[in-house]
Amino acid sequence: MKKELAKAYVPQENENDIYRLWESSGFFNPDNAPLPKTAQTYTIILPPPNITAKLHIGHSAMLAIEDLLIRYKRMNGYRTLWLPGTDHAAIATQMVVEKKIFEETGQTRHDLGKEILLEKIWEFLRNTQSEILGQMRKLGASLDWSREAFTLDQARQKAVNRLFVEMYQEGAIYRGERIVNWCPHCQSTLADDEVEYSEQTTKLYTFKYAPDFPITISTTRPETKLGDTAVAVNPKDERYQKYLGQEFSFDFVGQKLTIKIIGDRNVDPDFGTGALGVTPAHSMVDWQMAQENDLAVIKVINEQGLIREGFGNYSGLSVKDAREKLIAELKEKGLLISEEEVIHNISTCYRCDTPIEPLPSKQWFVSVDCPLERLGGKSLKEKALAVAQEGTLKFIPERFNKRYQDWMSNLHDWCISRQIWFGHPIPVWYRGAEIYCDLKAPEGEGWVQDVDTLDTWFSSGMWTFSTLGWPDNYRDGKKFGDLANFHPTQVLETGYEILTLWVSRMVMMSMFALGETPFESVYLHGTILDKHGKKMSKSKGNGVDPLVAINEYGADALRLSLLMGSTPGNDSRYSADKVEAKRNFINKLWNIARYILAQPGVAECQLNSDPEPKTIADRWILAELSITISEVRKRLDNFEFSLAAEILTEFTRDKLADWYLEIAKIEGGKTEILNYLLLAILRLWHPFIPFVTEKIWQSFQTGVLMIEQWPTFNLAVDEQAKSTFTFWRDLIVAIRNSRSANKIAPGVQLEALVFSVNNQKDIALGAELITKLKTGLSSLTFVNEDPKPENAITVVVQDTIFYLLAAIDPEKEAARITKEREVLEKLIFNLSERLANQEFVSRAPAKIVDQEKEKLAAYQLELNKLKETIL
RNA sequence: GGUUAUUUAGCUCAGCUGGUUAGAGCGCUGCGUUCACAUCGCAGAGGUCAGUGGUUCAAGUCCACUAAUAACCACCA
């Protein structure tokens, strides 16, 4: 069974085969797990990537973290489900495809028509989708492909329709005329959080509507003033108090306006003239004021961004042209008082950067404040807030709980209808004034289905349960099948930037559909920035293709570099150097395995119980292993992935490879322990770097490592072995160090005299280690009295002195010793001070005080020895 | 304007509920290596933990303020 391992690990030659091996084993699917029926489940639903483009490095980080959690839990006996899928990303996808077609053929969607455009979109979608799924496999993601889902496939379509209808029937969804964010380019509404802001300089015009109107107003959007129905002033503003409540009618550039003077606290008396022209139809705040003051709403701009009919010469003009014409007219009539440049935050579409036109429109909304019967009279908002407040829903890191709650409490009704072609149709039909909402089209003539589609977040908000078979798996308030087994899921792992966009919606929709949270914990990872700390973006061209990194360094190296050196909720920088460093470490691990497996009998060794330690080094390494296992477990259970990997690295390289394996070369006869140690580190490392560990496993074991038991803590920590071994190790390090300081090359062999005050130490072990372990000592003589030889290098650790007999520069050596003495003296001084402090002795825990006392004694002993040796 | 973070070695970052001489990777310096690994080993240099004040027997760690940086939210007539 044993196969020779190559000198260096070549990921490119192995990863694809290993992935196939895993896939064909069937163990990605929890139904195939060799576990008792009662085994606990552990579920993560993969946040579905948009099918607009292939995956970027941020997705790789997400996959690395989730696969780590999944593999770790799978190896710990959980029935583990990680469910893959992709998101149709309605607007985003349609825009990408439209742009692509326009670039290739110059055609717009209106040239093509709905059917052909949709066909093209599906074609595009199938390409990127398979590319994305291929990328996930490349990274080693142990996803259950048998349950793969898409936000716009048939099963999800069914779920979306069903939830829409249920929410409509409960009154959680309504149709209403509201002012919405309208993108004239996308020809669609946008949710509040799909709007972005950017600073621009624009002109602020100050003018009067008419010569006999008493108040001057300022605006950056004169063209909308055709629809003004009021002027708002601060009620405390003395200049205008006398006008409050009055109404004025006059002619404004050929348009009859009736303006009421209203008071509103939000008007800043110091901005402009302190008076604000209220345009209810084209400004969010003005809409609010109109509602409160019962003002008329006059629509000026239409969905194409043109001035509507009924505004004389202005009708049909674009916003820009209308503005110029209007300003010219005001100038001519002497009504324009001033124009100045101001810096202004304008709202733009997050997809196409077109400035947003707020306009009133008939749209579908999810009501977040309406009390719902099935939520016990609570609203969606209240329910979603409560789970965060009560701690039913945990956030990692915790601070995002506050952000979630802040955002939730300010949430307004969510506009869910979009005027695009690609997406879930709305299950609503109209006949004149009649409205019909159900799963199927109504009987009878003349019914027309709503032409809009649903916001993409509506379907992704249902992701945790629509993927697990809702609504079929949910009857009379009871869950069945996958839904019963795997919902609520354990962790949602995603980027903090969609905490509000997505996480909050998932909570609301799951609370509505199932009355439970969609997940127990939300783990939020940071953004991966480029080497210079800048956001990666297509336009800047600083993005990193994960496949390039994988091809160069291997998937394991990429995963490990993304997992280490980053903490939840904090951004981290990507650089190829980091990946290379991890590649090097993985190769180190490979060679550790290669060496161990090359020892006779190790690969064939069948160990049924924990191995019997024979020497102090054995006892030491098993103690270290034991500590490592429990520490790593603790860190992983706590979502501290970086720390867990660090602890493992330290054990693997600094303890196992650098010390134990070197000693094993001297001592020999370690077949069982080496076998045991190798099996342990392969299992410990597997969730982090699955490919290389599985590859090594396959070279000498049967079955797949993926479903092996992750090591459990079953060895008591041998404190005595640990301290004895550490003593000798420190001594050897000190010898190497002093040789290096005295510029004695490692090849030069030296003799040494050893004097130890306390011969309780395992002298035989020390002698063997010191002569054989690269210390460059050819012989070692133990003496009963301190010989104090001249012209020797002196090394002291605790109570033991080594004199390395060599021709050295006495001044240099004296300087080295003096420096060491100074360090010790300073330590001793500090410790004595502390121990002399009564308050410390009486108030600090006894354990700490004892520790300090022991330390002080050890340093003093060491210092005394050092002093004796110098003349 | 509000909120939340960040500030630790030349660079990129760890450092959990306060308690060994503050760590890692990369880079740098010196030495080395046919015997698992140059995708390597050994040793070293390099830090008043942003600043000020406070709490405490004890502060990189907790609190307050200041400064710089970033993200998010709100307003924008």
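Count the net charge of all other residues whose Cβ sits under 14 Å from the Cβ of A:Glu719, scoring Lys and Arg as +1 and Asp and Glu as -1. List each step's numbers first, then the result.
On the way: positive: A:Arg619, A:Lys722; negative: A:Glu624, A:Asp718, A:Glu854.
Summing Lys/Arg as +1 and Asp/Glu as -1 gives -1.
Enumerate by residue number the GluC sites (Glu not before Pro) in the stretch A:685-773 meeting two conditions: DSSP loop (anything except H, G, I, E, B), and at most 12 other Cβ atoms within 10 Å of the site's Cβ.
Details: sites: A:Glu694, A:Glu708, A:Glu719, A:Glu751, A:Glu768; in loops: A:Glu708.
Those that pass, being in a loop and sparsely packed, number zero.
Could you tell me which of the pairs A:Lys158/A:Lys478; A:Lys225/A:Lys256; A:Lys531/A:Lys588 are separated by over 22 angstrom between their Cα atoms in the structure shown? Mind dumping the intermediate values first?
Details: A:Lys158/A:Lys478 19 Å; A:Lys225/A:Lys256 12 Å; A:Lys531/A:Lys588 26 Å.
Violating the 22 Å Cα-Cα cut-off are A:Lys531/A:Lys588.
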**OP:** Would you mind getting the Kirkwood hydrodynamic radius of the stretch A:557-604 from its Cα pairs, rounded to one decimal in Å?
**Re:** 12.6 Å
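Quick one: divide the alpha-carbon radius of gyration of chain A by 2.2 N^0.38 Å and tell me what you get.
Working: Rg = 36.6 Å, N = 871, 2.2 N^0.38 = 28.8 Å.
Compactness ratio reported: 1.27.
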Original post:
Using Cα atoms only, what is the angle between the long axis of helix A:57-74 and the major principal axis of chain A, expressed in degrees (0 to 90) to the nearest 10?
Top reply: 60 degrees
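Please report the orientation-averaged projected area of the stretch A:407-455, defined via the convex hull of its C-alpha atoms, in nm². Don't skip to the end; give the middle numbers.
On the way: hull surface 19.3 nm².
About 4.8 nm², averaged over all directions.
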Subject >> Percent of C-alpha pairs per 5 Å bin, the stretch A:56-172, short to long >> reply: 2, 9, 14, 16, 14, 14, 13, 10, 5, 2, 1, 0
Original post:
Which whole-percent values make up P(r) of the stretch A:491-586 when all C-alpha to C-alpha distances are grouped in 10 Å steps starting at zero?
Top reply: 15, 35, 28, 17, 5, 0
**OP:** Among DSSP beta bridges lying fully in chain A, give the percent that are antiparallel, nearest 5.
**Re:** 70 percent
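As a test of understanding, state the convex hull volume per residue of the stretch A:815-857 from its alpha carbons, in Å³. Intermediate values should be presented prior to the final figure.
Values: hull volume 2.2 nm³, N = 43.
Per residue, the Cα convex hull of the stretch A:815-857 comes to 52 Å³.
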Original post:
When the helices in chain A are scored as -39500 (n - 2.57) per DSSP H run of 4 or longer and the sum is shared across all residues, what 222 nm value do you end up with, to the nearest 500 deg cm²/dmol?
Top reply: -13500 deg cm²/dmol
Subject >> Globularity ratio of the stretch A:695-774, using Cα Rg and 2.2 N^0.38 Å >> reply: 1.70
Subject >> Partners for A:Lys819 among aspartates and glutamates (Cα-Cα distance below 13 Å; same-chain residues under 8 apart left out) >> reply: A:Glu811
Original post:
Mind checking the angle between helix A:763-772 and chain A's longest principal axis? C-alpha axes, 0 to 90 degrees, to the nearest 10.
Top reply: 70 degrees
Subject >> Equivalent ellipsoid semi-axes, the stretch A:602-688, via Cα gyration tensor eigenvalues times 5, rooted, Å >> reply: 24, 14, 11
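For the stretch A:101-251, count all C-alpha to C-alpha pairs, find those more than 21 Å apart, and express that count as a whole percent of the total. Kindly include the intermediate steps, with their values, before the conclusion.
Numbers: 8417 of 11325 pairs.
Of all Cα-Cα pairs in the stretch A:101-251, 74 percent lie more than 21 Å apart.
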Subject >> Pairs beyond 31 Å (Cα-Cα), from A:Lys634/A:Lys855; A:Lys665/A:Lys722; A:Lys381/A:Lys634; A:Lys582/A:Lys774 >> reply: A:Lys381/A:Lys634
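Where does the charge balance sit around A:Thr517 when Lys and Arg score +1, Asp and Glu -1, over other residues with C-beta under 11 Å from its C-beta?
-1
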Original post:
At q = 0.14, 0.15, 0.18 Å⁻¹, what log₁₀ I(q)/I(0) does a Debye calculation on the Cα points of the stretch A:566-636 give, no solvent, two decimals?
Top reply: -0.77, -0.85, -1.05
Subject >> Gain in span if fully extended, A:Glu868 to A:Asp654, counting 0.36 nm per residue against the direct Cα distance >> reply: 73.7 nm
Subject >> Cα-based Rg / Dmax (Å) for the stretch A:1-117 >> reply: 21.1, 65
**OP:** Using only the alpha-carbon atoms of the stretch A:642-797, report the extent along each of the three principal axes, biggest first, to the nearest angstrom.
**Re:** 62, 33, 32
Original post:
Taking one equal scatterer on every alpha-carbon of the stretch A:178-250, how large is log10 of I(q)/I(0) by Debye at q = 0.12 1/Å?
Top reply: -0.54
Subject >> Calculated P(r) of the stretch A:776-863 - Cα pairs past 20 Å, % >> reply: 50 percent
Original post:
What net charge is computed for the residues neighbouring A:Pro425, neighbours being all others with C-beta under 9 Å from the C-beta of A:Pro425, Lys and Arg scored +1, Asp and Glu -1?
Top reply: -2
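Which loop trypsin sites (Lys or Arg not before Pro) in the stretch A:751-825, with loop taken from DSSP, have no more than 14 other Cβ atoms within 10 angstrom of their Cβ? Can you show the working numbers first?
Numbers: sites: A:Lys761, A:Lys772, A:Lys774, A:Lys812, A:Arg816, A:Lys819, A:Arg821; in loops: A:Lys761, A:Lys774.
The qualifying sites are A:Lys774.
May I ask for the Kirkwood hydrodynamic radius of the stretch A:275-403, worked out over all distinct Cα pairs and given in angstroms to one decimal?
Values: mean 1/r = 0.0520 Å⁻¹.
Kirkwood hydrodynamic radius for the stretch A:275-403: 19.2 Å.
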Original post:
For the stretch A:554-700, how big is Rg over Rh, using alpha carbon atoms and the Kirkwood form of Rh?
Top reply: 0.98
**OP:** Mind sorting A:His110, A:His487 by how few other Cβ atoms lie within 10 Å of their own Cβ, fewest first?
**Re:** A:His110, A:His487
Subject >> On Cα atoms only, tilt of A:154-170 relative to the major axis of chain A in degrees >> reply: 60 degrees
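Packing-wise, with mean Cβ within 10 Å as the measure, how do A:174-186, A:138-150 rank, highest first? Let's see the in-between values first.
Numbers: A:174-186: 18.8, A:138-150: 20.5.
Ranked from most to least packed, the peptides come out as A:138-150, A:174-186.
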Original post:
Where does the stretch A:361-400 land on Rg(C-alpha)/(2.2 N^0.38 Å)?
Top reply: 1.51
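So what are the stretch A:424-569's ellipsoid semi-axes, whole angstrom, largest first, if each one is the square root of 5 times an eigenvalue of the alpha-carbon gyration tensor? Display every interim value, and only then the final one.
Values: eigenvalues 319, 100, 38 Å².
Values for the stretch A:424-569, descending: 40, 22, 14 Å.
Every number in this text was worked out from the coordinates using simple rules, so none of it is lab data. For clarity, every value in this text was computed on a predicted model and none was experimentally measured. Positions of Cβ are generated from backbone atoms using ideal geometry, with glycine treated the same way; all protein chains shown enter the neighbour counts.
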